[in-house]
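Here, each number is a calculation from the coordinates, and none is a lab measurement. Keep in mind the model is a prediction, meaning the values are calculated, not measured. Ideal geometry is used to build each Cβ from the backbone, glycine not excepted, and the neighbour counts take in all protein chains shown.
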Amino acid sequence: MKPIRIRRVRPTPLGEKGIALPLALLGLVAVTLLVTTVLLTSGTEFAVSASQKDADRSLYNANGALESFVAQHAQLTAAPNARFVEGTDSVTFGGLKYTVSLVRLSRVSTETATRTDATDTWSLTAVPRTRGRGVGSMIRVTRGLPKLTLNVSAGATSGGNFSVGGSSTVSNGRSGQVGCASGDTVKSSVQVTAGSRIDVNGSPTLEGKGDTSTVTKAQLMNSVLGTNITLDTLAKYADIRFGARLGGAAEWPNSQSKGPNQTWSLTSADSVFNWGCPKLDVANTVTCDPDMAKRFVVVAIDATNMKDQAGLPNPVTINGDYGQGMLIILNGSLNVQGNFIFRGIILVDQDLSISGGSGGNKFAGKIEGTVVAFGTQSSVEDNVNGNATIRYNKCSIVDAQNALNDGRLDDMPQVLANSTFAWYELVR
Amino acid sequence: MSSAELRGARGFTLVEVMVALVLAGVLAGVIFQVVRGQARFATVQSAQQEVQQNARGAIEIIASELRGVQPQGLVETSATSITFQLPRAWGVSCGNAAGGPINALFADVADATVMFARDAATGVMADTTVAAAATTTRWGPAPGTTLAGRAEVTGLAVQNPAPGVAGNVCANIRTATAAAGLLRGMTISGNNLPATTAGRTLYLYQLVRYDVGSMTGAATGDDYWIRRSDGLPSGTSQQPLAGPLPRATGLAFSYFKSNGTEITPGSTRADLDSVARIGVKVVARSRTKGRANLVDSVMTSVLLRNTP
């Protein structure tokens, strides 16, 4: 019987016999765990710290951007870019671009006989164009200017002949004035330039003398507006502009044969037809909205493109309705029809024609203030027919001038009244 | 296998086995300790993170609100609490008689819904000067006094027509329309509204209070939390902000003038109005019990941006 052979267990080829390898592996695992945890913890801590640091930096950068923008616009010179302009602007701070939104919340004006001064309150926000925090604040600026005042001596002033007809009234303000104390009248009802004449037809009423000035037609604009000031100069400061040349949104809608407030709703978002409401001041039967009664606007209408149906030059036509402030007609004439009621100053580059209308039972006159038609041809007459009324009114003139000067304020250099205030975080 | 072969085979002696077992036991113990220590370390780190994040979060929120506190807006101060007027909207009044309503123009900003938060804790404060940003006569509750008579906003309505449009009630201070998203006219109604004149700065504020409260109601020191409330005597609208804190003094405030002088909390109105910087310290505790029950603190110093 063949003996059973038991195979001998041979050692491993490399001779590993201990537990060094498992121990080393276990140690490696432990160290790996340790390092991983430390890295994870450090990484998390670092991320938290970095996040907080970034958030803080973002906030301070936004604040810096806002202050930087204010500083850039705080110059005391009249440089155009030194003024706040409503809308959006941009500024770079800390290598980041910020969008700055500006809006003027309010203007409070102080009027004296010779100056207009205003305090404007602006709101500014600075928001990074990329991700980050934004801030907002308010700031006050002051502006001021010597007042521009018109030099007029009559209810109606014409650069050429002036014709008064029918049962119309032209007054120097001797009676029937609204809003002004007595004693603020001028001597003349009508004043024309040297060499021009005043024609009276029918049975009109002239309160005050018809006066021929020593001022020539060529001198009239400088005499009334001031040296080197033109209607274009004034139109620049208009609140409302019609005509492409003036940068207006549209041409004056002559075809409507309507006044400013008739065709469009007073609550319309389009405020170019909101010329204020003079009715409240004359204690009439129709009550104006109180805020409409406070609104005095400067309206400039360019007549360059006004044509009649035959395509011939046509005057700007206003039929009925009302307004208050200053109405400036450039490069053409003005034809007022119906019961147009206006309180303030009307300046016409060429000729003024007022016709028809009873003036309504709500108003003593159609034009309460003064009208000046500079005329381009002395042969063209300014007609005042029907029972339309032009009455000199100093208060209305002052209000209109204030509206003009208020517009001019925007071109004046701004002075920061104080540092930014009402600060807040925009994005939290 | 023959017996001779078996005798020739090498093996372990008992001593060798014992030594190996002891060594293996020691090594296993070491590894166990390392792993256990590591696990504990991870737990501690996690707790540390939690504490730090809680404290930092609380600090960030408190600092953010304090930074924008309105001028002279500190109502009550102590070493462990603060009540202040937090602006929700800044605007310009169009002028109104006492009792309101107040018509005002506000910047229309992206987070307007937050800005115009409406609740019973919203008051109105009007700047009485146009020339200076600082308020020379404050309107609002005096520190330590009852809040009775404080203005309360009960209604906020968007003006229609909008600012600049014919018929808008603020035509006296603004006649032109503004680009979309820049301006908002609001009509504020409520109780005890102050009289304002046109052009005056107007603040809509919300009363905010930070202090430490016990969530269990018992002063066991076990469940202290930082809470944010409306600061009204009724104590409504309390919100737990961060915690837990190890003690009731886990939230601490210190007050400084612009020259660095520290002001005793709860002092006079003049002192409160001169506070320019507030130190905030949060001592937080981890929620984990046992050996990982950590306490850590975070501090910051907040410059009041709207201080005159």
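For B:Leu251, the shell of other residues with beta-carbons less than 12 Å away shows a net charge of +4, using +1 for Lys and Arg and -1 for Asp and Glu. If you plug the beta carbon distance of B:Ala248 and A:Thr36 into 1/(1 + (r/R0)^6) with R0 = 45 Å, you get a FRET efficiency near 0.70.
Each other residue within a Cβ distance under 10 Å of A:Pro413 adds +1 if Lys or Arg and -1 if Asp or Glu, for a net charge of +1. Positive contributions from Lys and Arg (+1) and negative ones from Asp and Glu (-1), summed over other residues with Cβ under 9 Å from the Cβ of B:Leu303, come out at +3.
Model label sites at A:Thr130 and A:Thr149, defined 7 Å from Cα along the beta-carbon direction, differ in position by 5.9 nm. Need one word for the stretch A:53-125: rounded, prolate or oblate. Basis is the Cα gyration tensor (sqrt eigenvalues a ≥ b ≥ c); a/c below 1.5 gives rounded, then a/b vs b/c decides. The shape class here is prolate.
Per-residue Cβ neighbour counts within 10 Å put A:Lys53, A:Lys307 in the sequence A:Lys53, A:Lys307, beginning with the fewest.
Using a simple spin-label model with pseudo-atoms 7 Å out from Cα toward Cβ, B:Ala79 and A:Thr112 lie 5.7 nm apart. Taking R0 as 45 Å, what FRET efficiency do you get between A:Asp232 and B:Thr197 from their Cβ-Cβ distance, rounded to the nearest 0.05? Here the calculated transfer efficiency is 0.75.
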